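What follows is a single structure, written as structure tokens, with notes after it.
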Amino acid sequence: MATFKDFRNHIKPNWCPGCGDFSIQAAIQKACAANGLEPEELALVTGIGCSGRLSGYIKSYGFHSTHGRSLPVAQGIKMANQELTVIASGGDGDGFAIGMGHTIHALKRNIDITYIVMDNQIYGLTKGQTSPTSDAGFVTKTTPDGAKENPIAPLKAAMASGATFIAQSLSSDIKGLTAIIQEALNHKGFSFVNVFSPCVTYNKINTYDWYKENIVDIADLEDYDNADRAIVSKYLEEHNGMLKGIVYQDKEAKSYAEHIESYNDTNNVHETPEVSENDFKELMASFK
Amino acid sequence: MKDQITWKVGGQQGEGIESTGEVFSTTLNRMGYYLYSYRHFSSRIKGGHTNNNIRISTREVRAVADNTNILVAFDQQTIDVNAHELVTGGVIIADEKFSPTVDDALDVELIVIPFTETAKEIGSQLMKNMVAIGASAKLMDINLEHFYEMVHTLFARKGEDIVESNRKALNAGYDLMAEKVGHLNLDDFKLNAPDDKEKLFLIGNDAISFGAINAGVRFMAAYPITPASEIMEYMIKHLPRFGGTVIQTEDEISAVMMAIGSNYAGGRSFTSSAGPGLSLMMESIGLSGMTETPLVVVDTMRGGPSTGLPTKQEQSDIMQMVYGTHGDIPKIVLAPSDVEDAFYTTIEAFNLAEIYQLPVILLSDLQMSLGKQTSDPFDQSKVEINRGKTVFTDMEAHETDYFHRYEDTEDGVSRRPIPGLKNGIHHVTGVEHNPDGTPNEGAENRKTQMDKRMRKLSNQLMKEPFKVHGDEESDVLMLSILSVNGVVDEAVSRLDEKVTVIHLKQIYPMPIEKLRPYLDGAKKIIVIEHNYNGQLTSILKMNYAGHERIASILKYDGTPFKPNEVVAEIKGIIN
């Protein structure tokens, strides 16, 4: 059986020392091993940005796609072969700016894949511009007078989009994050995990300490019930989305593939896909 | 007695014009006639003039006719817009309901029949189309039995009453017409007997879809757009039979990226769209080229630019399909020569995409995609699936951390293990990369990998990159693609001069060495295409030096070429 070391490769990440992404990488490797996966059973798809490099840093089938488009690629892989474990990953710019349309629709579509966002509230790779999750007033190269726009609320947007699994954590809590990713991988349907991953180079406001001070663990909320939409929405509103844990899960919902009666093949990849003589004749007859 | 007749039905969009044409043409196809139809429609659901032009022949026809013999009108606008196309002595059969009139200057017969009123008396005005068909049948001396069969096929599931009412409507139209045709020479409207060959009657989009299923497609992702939607609709209807499915995505970018993901995983997937969708897909097509992931995208060209003429004929995406996406990628652009060929070329598109691990654009145009026409049956024994160097079974253990997916090879193609296989793990990225797929922006590696990718296009690609029609040897060479091929063939057959016609199927890379003997031997090379800039002409000129001998025939008003127009244009150039 594979250990987390089997999910390591020879590449040294080019992230800045102290970047939150290192811990997310480690948590994914640990969660995959803990769930009994072999490296070849995992397809990891990323977008563009610092976080996008992740597909090259974990030993598995890795696909580094285009900016904002990791989710469509990941969903396409899963639709071809339901036996693969598919993780899509990217940053807040990738998922909530250029790729927001795909994010919303992947949430509502509920294909059985896991989406891990590394949210640092800043554009890092392009060297410090505002991001869709940057707080109002946040000063960057492109918002010298402070951001004028309101930030996207990813968890609330996910709730509104029909998500069946929503979780959030901090990259610094590797243990808690590993457990969340394990549950996300086990969830039958689309699992969305937002991880605050501090950018130590360009974001001097939303630091490791800032996140620790501002986030509330749902375990500390007495009447919290992550299956109750009303309670989840109430606390998301009350804490401005800053909740930690598996914030919402609908364990009963059917995944996309489970809705399709004819799509019963767990692996729809066939070396020689065939059309029987009878099917050929029948379909051709419909053109008469 | 005639060998061909053109019958046209028109009215307001949404009042059953489409189904009137469908019932009439399907019946005639089943009788054994060759048909070619053209739909005039607008991008709105209800209202606006629409017509369905159906050319019926005892011989193969692959072009819209020059004029019309019979015009069935459900409103005055139909007469106003179309009557001038009637031949001398042509007939208009019009509904009494709108008190039809026709310009006295036209030498045509106006026959008024109460389509709507008669249908109402029988039970429902919905059956006015059956009254009109019955009247047409009388004029053309077609036994109503043929239409009864069609009525049974269409309405049996709705009950015997409905079937009976529709038969009554057919009879009523037939009888009403019988009272009005005494003074006509009915031989002008009667077709000779058809041959007894087996025939299909379908739109190009059907042929492409059926081809895709036979090529092994089991998953499709697409976003609705005219004139491509019929492809996804066909797949939605028929893929479940093969354990497959279709996702209607949020946009065209998602559609093409899902197809890329599915193909990366070893499936055979594709997407279909038209100009606006293809514009959105350009970055993704580049990803397919850079990551060497097979991809097939169908582009059913319509009038551009921007929203352009969304329901009209054009071939103005050629340049974008050949040169679109930033940077240099190997790409193949194919254009089926007709509806029958669309079936086989679609299968070949999937094979080429996988053998050479690159994007293949399969072009169609609105007239080929939506013009319903007769085709020979498809031959299953000619269906061949070639999965190239895709690896489907666990691989041997190797020394390196990652499998060298992008190893440099003579033909530019390397082995492609699909996810899930042992010892096949590698990385895929749109960033320039090492043989194992990990990023490398170094100069030497860049050159090696770029050369490797681009080298693929030096291989023999399509088995038959073009077809030669007309005279094998002549002074005039015509070059055309897609639905224009049929028009050119017909136009050339009417000319006294010898003309060679090339139906180009592999637009890019242009098979210039194979074309050279034909090009060199021609005193005049005429490229005929539906766009303003002469896009195909430009690509020919980029590949071939004899510019002074190259001329273009261009049309960009949204309507398909007609044979008589092409005859006149060719004469203007060569005389």
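Results, tabulated for the structure shown:
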read-out: Total residues in region B:515-537, condition surrounded by fewer than 16 Cβ atoms within 10 Å (Cβ to Cβ) and assigned to a helix (DSSP H, G or I); value: 4
read-out: Some residue of region B:161-171 being out of contact with any strand residue (DSSP E or B) (no Cβ under 9 Å at 6 or more places or on another chain), surrounded by 22 or more Cβ atoms within 10 Å (Cβ to Cβ) and among the polar types (S, T, N, Q); value: yes
read-out: Some residue of region A:53-67 being in a helix (DSSP H, G or I), more than 9 Å from chain B (Cβ to nearest Cβ) and of a type in the set (A, V, I, L, M); value: yes
read-out: Considering residues of region B:272-303 that are within 10 Å of chain A (Cβ to nearest Cβ) and among the hydroxyl-bearing types (Ser, Thr, Tyr) only, the residue farthest from B:Gln357 (Cα to Cα); value: B:Ser284
read-out: Test: residue in region B:270-278 that is more than 12 Å from the chain's Cα centre (by Cα), within 26 Å of B:Ser57 (Cβ to Cβ) and surrounded by 23 or more Cβ atoms within 10 Å (Cβ to Cβ); value: no
read-out: Within region A:81-105, considering residues that are farther than 17 Å from A:Arg53 by Cα and more than 12 Å from every other protein chain (Cβ to nearest Cβ), the one surrounded by the most Cβ atoms within 10 Å (Cβ to Cβ); value: A:Phe96
read-out: Filtered residue count, region A:265-276, keeping only those that are over 30 Å from B:Asn29 (Cβ atoms) and more than 9 Å from chain B (Cβ to nearest Cβ); value: 1
read-out: Search result, residues across region B:261-310 that are more than 19 Å from A:Val73 (Cβ to Cβ) and hydroxyl-bearing (Ser, Thr, Tyr); value: B:Ser279, B:Thr300, B:Ser306, B:Thr307
read-out: Residue count for region B:455-465, restricted to those that are more than 26 Å from the chain's Cα centre (by Cα) and either under 15 Å from B:Asn386 (Cβ atoms) or surrounded by fewer than 15 Cβ atoms within 10 Å (Cβ to Cβ) (or both); value: 3
read-out: Per-region count, region A:248-260, residues of a type outside the set (S, T, N, Q), crowded, with 20+ Cβ neighbours inside 10 Å and not in a helix (DSSP H, G or I); value: 2
read-out: Hits in region A:113-133 (condition: of a type outside the set (D, E, K, R), crowded, with 24+ Cβ neighbours inside 10 Å and assigned to a strand (DSSP E or B)); value: A:Thr114, A:Tyr115, A:Ile116, A:Val117, A:Met118, A:Tyr123
read-out: Residues (out of contact with any Asp or Glu (no Cβ under 8 Å at 6 or more places or on another chain) and surrounded by 15 or more Cβ atoms within 10 Å (Cβ to Cβ)) located in region B:472-485; value: B:Leu477, B:Met478, B:Leu479
read-out: Residue list for region B:411-444, filter: among the hydrophobic types (A, V, I, L, M, F, W, C) and at the interface with chain A (Cβ under 8 Å from one of its Cβ atoms); value: B:Ile418, B:Leu421, B:Ile425, B:Val428, B:Val431
read-out: Enumeration of residues in region A:38-53 that are under 15 Å from A:Lys78 (Cβ atoms) and more than 14 Å from the chain's Cα centre (by Cα); value: A:Glu41, A:Leu42
read-out: Evaluation of A:Ile77 against (1) within 9 Å of chain B (Cβ to nearest Cβ); (2) farther than 16 Å from A:Thr266 by Cα (one fails), failing number; value: (2)
read-out: Residue match in region A:166-184 (condition: farther than 19 Å from A:Gly20 by Cβ, assigned to a loop (DSSP other than H, G, I, E, B) and not small (Gly, Ala, Ser)); value: no
read-out: Per-region count, region B:187-212, residues in a strand (DSSP E or B), over 16 Å from the mean Cα position of the chain (by Cα) and within 13 Å of chain A (Cβ to nearest Cβ); value: 0
read-out: Test for B:Ser316: is it more than 14 Å from every other protein chain (Cβ to nearest Cβ), within 15 Å of B:Leu482 (Cα to Cα) and either modelled with pLDDT under 95 or surrounded by fewer than 24 Cβ atoms within 10 Å (Cβ to Cβ) (or both); value: yes
read-out: Selected residue (criterion: nearest to A:Asn194 (Cα to Cα)) from residues of region A:210-241 that are in contact (Cβ under 8 Å) with a residue 60 or more places away in the chain and not hydroxyl-bearing (Ser, Thr, Tyr); value: A:Gly241
read-out: Members of region B:497-523 that are within 24 Å of B:Ser364 (Cβ to Cβ) and basic (Lys, Arg); value: B:Lys505, B:Lys514
read-out: Residue satisfying condition, being closer than 30 Å to A:Gly128 by Cα, in a loop (DSSP other than H, G, I, E, B) and touching a helix residue (DSSP H, G or I) at 6+ places or on another chain (Cβ under 8 Å), within set A:Gly245, A:Gly241; value: A:Gly241
read-out: Sole residue being more than 16 Å from B:Gly327 (Cβ to Cβ) and of a type in the set (Asp, Glu), chosen from B:Glu464, B:Glu432; value: B:Glu464
read-out: Some residue of region B:486-509 being in contact with a Leu (Cβ under 8 Å, 6 or more places away or on another chain), outside any strand (DSSP E or B), surrounded by fewer than 23 Cβ atoms within 10 Å (Cβ to Cβ) and more than 14 Å from chain A (Cβ to nearest Cβ); value: yes
read-out: Positions within region A:1-33 being away from every other protein chain (no Cβ under 14 Å), in contact (Cβ under 8 Å) with a residue 40 or more places away in the chain, surrounded by 17 or more Cβ atoms within 10 Å (Cβ to Cβ) and over 16 Å from A:Phe196 (Cβ atoms), in sequence order; value: A:Lys30, A:Ala31
read-out: Residue within region B:172-181 that is at pLDDT below 95 and out of contact with any strand residue (DSSP E or B) (no Cβ under 7 Å at 6 or more places or on another chain) present; value: yes
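Residue-wise test of (1) of a type outside the set (A, V, I, L, M); (2) at the interface with chain B (Cβ under 7 Å from one of its Cβ atoms); (3) at positive phi.
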residue	(1), (2), (3)
A:Lys234	yes, no, no
A:Gly241	yes, no, yes
A:Gly245	yes, no, yes
A:Ala257	no, no, no
A:Tyr263	yes, yes, no
A:Asn278	yes, no, no
A:Glu282	yes, no, no
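The values are calculated or read from the model by the stated rules, or taken from the named source; none is laboratory data. If you're wondering where the values come from, they're calculated on a predicted model, not measured in any experiment. Backbone-built Cβ (ideal geometry, glycine too); neighbour counts: all protein chains shown.
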